[in-house]
Amino acid sequence: MTDLDTRPAVDWLALGAVTVTVISWASAFVAIRGVGESFGAGPLALGRLLIGSFALGAIVLAKRRWVKPNRTQWLQIISVGVFWFGVYNVALNAAEQRVDAGTTSMIIQIGPILVALFAGLLLGEGFPRWLVIGAGIAFAGAVMVGVVTAVTTTSTTRTDADFLGIALCLVSAVTYAIGVLSQKPVLRTIPGLQVTWMACTIGAVCTLPFAPALLDDLSTASAGATGGLIYLGLVPTALAFSTWAYALTRMNAGKLGITTYAVPPITITLAWLLLGEVPHVLAVVGGVICLVGVGLSRKR
């Protein structure tokens, strides 16, 4: 009997890690939209990354496990930090000042398609039939939700998408894909927690020019907005990126990327409950299509 024969059909630890990541990242879109009136795009990114870096650093220090990266690994980690933690967060925050949470989360789902494509081309993961089918279906659902939400405006829906907002969403999608593809190889030899802390810290360093603006925003922000900033640093950043890195060591990048298509339906539901951004019925249908695509992408 081979190792493949004895491998469990479902990796429950990886599935649990993915679930934590998906729910946390979905809540981040809503939290960013909620505190966006109190913090600028750059200051919000810096505050979130500083909190995440301190939280992750404390855990890394407690574990006392450190693997020295080589030159190539340093470049990969720097790429993750600059693109995914730095540029992505600033672009995402700026996008959500112009586009509602549901639409933003939908447009960014172009990222997993890029991950699956380039993971097949560059990381040798290939293009499994069900991954391609599931990705196509999920993307169709994403487009449906994005279009419906972008053209729907009611008294309870803050939908004011403009060209710049959509462009910033696309920047976020591309930098997300670059981050995932840079992160996957380095996780083969360096612990995920260490990689996440290093990348988060690099992202924080990149956004340090926003420090004066962050101090100004903190001086006028409400307790609720400041609490939202702390939440973004601890949960969608420190916790969710760590569980993502763990799952990425146990799943291929393409398949894991497609699971993030579960984020938009959760985001839409949370935005409805917490922000009063009521989704169109067709957006709900699109969300269901996304989930179907995710499920099909995981078939063997």
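The table for this structure:
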item: F83 open to solvent by less than 30 Å² (accessible area, probe 1.4 Å), under 28 Å from D216 (Cα atoms) and among the hydrophobic types (A, V, I, L, M, F, W, C); result: no
item: Residues of segment 65-101 satisfying the condition of being hydroxyl-bearing (S, T, Y) and free of Cβ contacts under 8 Å to residues at least 60 places away in the same chain; result: T72
item: Residue match in segment 165-181 (condition: open to solvent by 10 Å² or more (accessible area, probe 1.4 Å), over 16 Å from the mean Cα position of the chain (by Cα), modelled with pLDDT of 75 or more and closer than 23 Å to Y261 by Cα); result: yes
item: Among (1) part of a helix (DSSP H, G or I); (2) at pLDDT 90 or above, the one test that G102 misses; result: (2)
item: Residue list for segment 119-134, restricted to those being part of a helix (DSSP H, G or I) and at pLDDT 70 or above; result: R129, W130, L131, V132, I133, G134
item: Members of segment 28-59 found to be more than 18 Å from A221 (Cβ to Cβ) and either among the charged types (D, E, K, R) or touching a Leu at 6+ places or on another chain (Cβ under 6 Å) (or both), listed by number; result: A55
item: Residue in segment 135-154 that is in a helix (DSSP H, G or I), at pLDDT below 80, hydroxyl-bearing (S, T, Y) and open to solvent by 10 Å² or more (accessible area, probe 1.4 Å) present; result: yes
item: Pairs, first modelled with pLDDT under 70 in segment 245-267, second hydroxyl-bearing (S, T, Y) and in a helix (DSSP H, G or I), C-beta under 7 Å, six or more apart; result: K255/S297; I258/S297
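One line per residue, one yes/no per condition, for (1) outside any loop (DSSP other than H, G, I, E, B); (2) among the small types (G, A, S); (3) at pLDDT below 90:
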| position | (1), (2), (3) |
| --- | --- |
| P8 | no, no, yes |
| A14 | yes, yes, yes |
| V20 | yes, no, no |
| A28 | yes, yes, no |
| R33 | yes, no, yes |
| G42 | yes, yes, no |
| L46 | yes, no, no |
| L50 | yes, no, no |
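The values are calculated or read from the model by the stated rules, or taken from the named source; none is laboratory data. Treat the numbers as computed from the prediction; the structure is a model and nothing was measured. FYI the Cβ positions are ideal-geometry reconstructions off the backbone, even for glycines, and counts take in every protein chain you see. Just the protein is used for accessible areas: all its heavy atoms, side chains included, with ligands, DNA and RNA removed. Shrake-Rupley method; radii C 1.70, N 1.55, O 1.52, S 1.80 Å.
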